[in-house]
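Have a look at the structure below, then the notes.
Read-outs throughout are calculated quantities, based only on the coordinates presented, and are distinct from any laboratory measurement. Source: prediction; values computed, not measured. Note that each Cβ is placed from the backbone with ideal geometry, even for glycine, and that neighbours are counted across all protein chains shown.
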Amino acid sequence: MAKTITVGEIMARKLVTLRPDMDMQQAIELLLKHKISGATVVDQDRNIVGMLSEKDCLRIFANGAYNSLPNAKVSDYMAKNVITISPEADLFTVADLFLKNPFRRLPVVENGTLVGQVSRRDILAGSRKIWEESPIKKEWTDSKYIPDEIRARLESK
């Protein structure tokens, strides 16, 4: 059986975080500057109070509220019910969470404090690592699945 990789082994540790009292305009500028699609919202003790995604930001424009952007706060638009994961969780558990939910990232929390973030892409990279380190190497070629009569025609040409 392949070695199980934990979230703590693949998570991002250097994060862009937002504060709930931050202006939305400033938050959007940070997301754009760092080319990220969302960020965790934390209080002064790095406790998670929400998540702000680009989808949340788009609500401002969809609702025609862009005129009040300088007065809007992150806390007005962030998602407040945030699912978190432990650094000890395995990749299969996280993959299942991503399949059952629409989000693209999960905050990683240890002892109630934000310590990292794991994304869908991180899980894909981790799954590749599991495959590469697997003691069972399987050859994968499409030719194994071609019926004999079609294979014979291809070989005769």
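Things to note:
- Amide H contacts of Ala89 (H built 1.01 Å from N, under 5 Å, at least 5 apart or other chain): Val7, Gly8
- Given R0 = 22 Å, the distance between the Cβ atoms of Gln25 and Lys80 translates into a calculated FRET efficiency of 0.60.
- Label-to-label distance, nm, for residues given as Arg46 and Lys73 (7 Å Cα→Cβ offset): 2.4
- Net +/- balance of residues flanking Gly112 in space, Cβ distance below 10 Å, scoring K and R +1, D and E -1: -1
- FRET efficiency, Trp131 to Arg13 (Cβ-Cβ, R0 22 Å, nearest 0.05): 0.35
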